[in-house]
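Each reported figure results from applying straightforward, stated rules to the coordinates on display, with no laboratory input. Remember, it's a predicted structure, so these values are computed and weren't measured experimentally. Here Cβ is always computed from backbone atoms with ideal geometry, including for glycine, and neighbour counts include all displayed protein chains.
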């Protein structure tokens, strides 16, 4: 490295360096630096500091390769004085003999020069294992100084110049690598003696060609060794084999360690060592790290052999025992109850281990044990009652303790043994009274004991009597009484044995038989009384057979089926029935003339005995029969009406004027006058009834209409003629003349002037004032006019229709004019009377009447022929229930319709006249009559649960999640298990279960699948009781859905769906430029669902609708109402950015502009029409066409300058429609989409 010190105050020593291509030296450099005044060992010129100034011959300085090339003046040109490391930057040996002159000299530069190929092994270091006297291990470090791998080296040794045995190393030593070699026990020096040790390489890789010899040998001179420490360990006495572990101590110097086969952590274990001699070694290392040891031998002795002969058993009554039998003699006895000093044992019952212990001459101790058994004396106890009854067996039980071979000697004092031997037990009785002494003596294993006890033999008296007659009626009893005494107890018996529970001094016998009593005095003998025989008469059974049901006025057979003695008296009660035949026991024939439950009763008496009253029920059925006219009972000839019978599991037979007809169904269509009845037969009971009569009156439609005109033919105007009505009873009718030229009259005898040439057909219609029936007469081309002018009126008043002349109440007929000539005015009439507002070419109606169309223009007016329409009537079905559902059961109830119809369709999918239901629900039935007219009932709600039907408080959007939430209050009831939440599906009125919530949780449910920004939703809830039964669903609540669109002039139109679920007064409309900070804009009445913001602020505007429930709602508490009140519902929010110019159809033509919005939607549209001016009586004609070009809607309204009108098209099918607006200002066309 070269340092430029110019301009600094620092100096540096530069020695043994090569300086080349250096700039001019500055001022701060060592004296004589660079003045060549000396030479190095290679003969190259240097300055005073050994620095060279030659080309260093480096490998590639341009690429920072500073390795020396062969011939570089830097090779072996350094000074070993400055060597501070053993390797160069490549990790090669430093210093290395690069010029191979045998002298290791360091090279100048970062890398040692290594010749191309060289075999050179050297001993790098040499040391001994320690500095103490005794055998030494020598450590040598072998290094490969050459460039070839070394595989074997022979090392020679000299000790004080005396050759030692050579050591051979084999392996693989790579160039520049080093390996440590340990030669065990090379020599054993003495203390305080100096030694010289030389190690040298004699051969490398099996040859003596070691390139450099300078590193082939190494010396350890003047090696001296220290003396080892002096060790002393005390002797250890002989130990017994069972001796405890010994902590070794006493050896010197302190601080050493004990070792041996059975020594662990300085502890010697004789028991582990075993019998015999064992060595203990003490090893000590001094401060010079010199180690020495000493060894002692110790012995382990066996324990003495000790025996103890078994001891004979003894009885517990022995005072003391002298112990013996231990061997060898001289030992000591020990144990419980043992006097060791005297060798005496003091007996007590039980088994006692006694130990004999002996100590030998070595102090080793062992022992042997034997058991001393002390037998308990046998216990001569036995149990016996203190008293016993004469001749009663006494059980005597031995209660003592003895061995299996014990001998028993009993004395029962003249008692007679019934059973027993040895220890017993014994059954003994005595046949004389008095005190008996009993004794027992027992001998067991030579041990004997005895016991005495006493029993007092006594006797008792027992007598019973009958307090009543011993003969009684069934159900009565005979009271039996026993003799009594203080504290006696009793037990009654009959011939079958003990009467359980009858333990009083008296007994009431209710059955025939023999009875006696056992008397039991306290603590003494019982006695059996005399026997008394009782006679209880047989039971009188008043049973009979009776049918469960019968028809009113039918004869019912009743037969006696009971049992009664002869001469019995029978008492019958037929509950208002008439006896047709029968007496006494019967049989009987009975007739009842009323329908109800009748009770038949029978009781029987015989002498002083009588039976119970037997009652049975019979249901007297009368099948209900009713006939009802579903239409008018006064009908016109050619029409019909339907008669309906009551429905059920019945068969039917219709009767006209007392004669059976072919009608056998619940519905019967009639078109003839007469008195009609229906016979209804119950298919279950087979009972029949005939209904009251329904009188049908058929009014004639043949009025014998006749008329004439005079004249009927004209050849020159004026064409004046007079019509003469010659119909009989002309004042009984309303009249309607149609003269064929578009003119009509309601006079009886009108006059009429025809204005133009032509043939005219005259039509006369009569309607009976009383019956409303019609008759008509038409004379074709009846009037002929000639000689005048041609008829300029080209209008065609013909009526077209899309239906029949009879319609159902919920249907309608479309009537329209086939003439749509421009400039025509239309006017519809019913029964000759103008219909207000019916001035369009199309008219929809379902009302009975005669309809005409009057067409007029500036030239003429004409009338159509009448179109007769009759509206059918249908009776609205009413659902009735039979029975009810018991909660927590598998019960069911019947729902049925009382009126007969052709078809039935229930909301649960069934199609019978009645259904059976087992669960809660709201049920509707839709029926169809003979005319094909349909009608639906009002819902019938069934609640099969214990619970009341829950109700929703409110539904609406949760502004934190933008999902709908359903909120309700929980009833305070322990019977509620959970609530279920339902949402209306894509089919109207069909609700799907979307969740369930336990009763214990807060009654707020979040509909995570709702999207309030897309549509409104309907929700219902139910409650589930603890039996798993679900209530009927609650009334639904519907959320609000807000849409907005831009109007003319930058106003914003808000349209929303109404909230459904509770009655409220107002909608609150919020507005703001931030969806999180809306302010109340206004309130409008709850009957409105649209609003136009005429002055919206600039920029993005947000809107939202809110309703407030008049009822508070607390879903978080069952018992109190003190928490959050959830009584508001909000719609989705809408902003003007996303709604800009969307949802509007805008079209214009000259001064006429039309908008339809929101577009598309589900059928509720707003129509806005604007124009500059409106003429008097100007009309807007609105027409709507399907994509197939079919006219589906038409309306004519008065024109105003700014028209805003709601259009309701919910009933239209989904799809695209075209709307046309016509006025005198022109025609505009647009389109809208019904979703």
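Need the C-alpha centroid separation for segment 918-933 versus segment 981-1031, integer Å.
One Cα centre to the other: 26 Å.
At what distance in angstrom do the alpha carbon centres of segment 1065-1116 and segment 37-111 lie from each other?
What the calculation gives is 98 Å, centre to centre.
Does segment 707-845 classify as rounded, prolate or oblate by the C-alpha gyration tensor (a ≥ b ≥ c root eigenvalues; a/c under 1.5 gives rounded; else a/b over b/c gives prolate, otherwise oblate)? Provide the component values of the computation, followed by the final result.
Values: a/c = 2.49, a/b = 1.25, b/c = 2.00.
In terms of gyration-tensor shape, oblate.
Give the Kirkwood hydrodynamic radius (Å, one decimal) of segment 873-913, defined as one over the mean of 1/r across all pairs of different Cα atoms.
When all Cα pairs of segment 873-913 are included, the Kirkwood radius is 11.9 Å.
What is the ratio of the Cα radius of gyration of segment 544-621 to 2.2 N^0.38 Å, where N is its residue count, to two decimals?
Working it through for segment 544-621, the quotient is 1.11.
Plugging the Kirkwood radius over Cα pairs into Stokes-Einstein for segment 464-536, at a temperature of 20 °C and a viscosity of 1.002 mPa s, what D comes out in µm²/s? Mind showing how you got there, number by number?
On the way: Rh = 12.4 Å.
My calculation gives 173 µm²/s for D.
Tell me, what is a quarter of the convex hull surface for the C-alpha atoms of segment 800-913, in nm² with one decimal? Provide the component values of the computation, followed by the final result.
Working: hull surface 44.1 nm².
Convex hull of Cα atoms, orientation-averaged projection: 11.0 nm².
Based on the mean of other Cβ atoms within 10 Å per residue, sort peptides 391-397, 620-626, 884-890 so the most packed one is first.
Details: 391-397: 16.7, 620-626: 18.7, 884-890: 12.9.
Most protected by this proxy first, the peptides run 620-626, 391-397, 884-890.
Between residue 63 and residue 13, what FRET efficiency comes out of the Förster formula 1/(1 + (r/R0)^6) with R0 = 41 Å and r the beta carbon distance, rounded to 0.05?
0.85
Please state, as a whole number in µm²/s, the translational diffusion coefficient that the Stokes-Einstein equation yields for segment 879-942 at 4 °C and 1.567 mPa s, with Rh defined as the Kirkwood radius across alpha carbon pairs.
Calculated translational D: 106 µm²/s.
Give me the distance in nm between label points sitting 7 Å out from Cα along the Cα-to-Cβ direction at residue 1190 and residue 822, one decimal.
In this crude spin-label approximation the distance works out to 2.9 nm.
Can you pull a Stokes-Einstein diffusion coefficient for segment 341-407 at 20 °C (1.002 mPa s), Rh from Kirkwood over Cα pairs, as a whole number of µm²/s?
Value of D from the Cα-based Kirkwood radius: 126 µm²/s.
What distance in nm separates the simple spin-label points at residue 514 and residue 224, each placed 7 Å from Cα in the Cβ direction?
13.9
Which three semi-axes in whole Å describe the equivalent ellipsoid of segment 401-471, each the square root of 5 times a Cα gyration tensor eigenvalue, listed largest first? Display every interim value, and only then the final one.
On the way: eigenvalues 341, 39, 16 Å².
Working through the eigenvalues yields semi-axes of 41, 14, 9 Å.
Among 550-559, 577-586, how do they line up from the highest to the lowest mean number of other beta-carbon atoms within 10 Å?
550-559, 577-586
Can you give me the C-alpha center-to-center distance between segment 427-487 and segment 126-143, rounded to a whole angstrom?
Segment 427-487 and segment 126-143 have Cα centres separated by 115 Å.
Run the quick spin-label model on residue 141 and residue 746: label points 7 Å from Cα toward the beta carbon, then report their separation in nm to one decimal.
The modelled label-to-label distance comes out at 14.3 nm.
Divide by every residue of the chain the summed helix terms, -39500 (n - 2.57) for each DSSP H run of at least 4, and state the resulting mean residue ellipticity at 222 nm, rounded to the nearest 500 deg cm²/dmol. Don't jump to the answer; show the numbers that get you there.
On the way: 2 runs with 8 residues, N = 1235.
After summing the helix terms and dividing by residue count, I get 0 deg cm²/dmol.
Which percent, to the nearest 5, of DSSP beta bridges fully inside the chain are antiparallel?
Of all bridge pairs located within the chain, approximately 95 percent are antiparallel.
With a 10 Å radius around each residue's Cβ, average the other Cβ atoms per peptide and rank 380-387, 598-605, highest first. Write down the numbers at each step before the final one.
Working: 380-387: 16.1, 598-605: 18.5.
Going by the mean number of other Cβ atoms within 10 Å, highest first, we get 598-605, 380-387.
Assuming a ≥ b ≥ c are the square roots of the Cα gyration tensor eigenvalues, decide whether segment 627-699 counts as rounded (a/c under 1.5), prolate (otherwise, with a/b larger than b/c) or oblate.
prolate
Residue 287 label point, 7 Å along Cα→Cβ, cut-off 20 Å on backbone N: hits in segment 228-259?
Residues 228-232, 252-257 qualify, since their backbone N sits under 20 Å from the label point.
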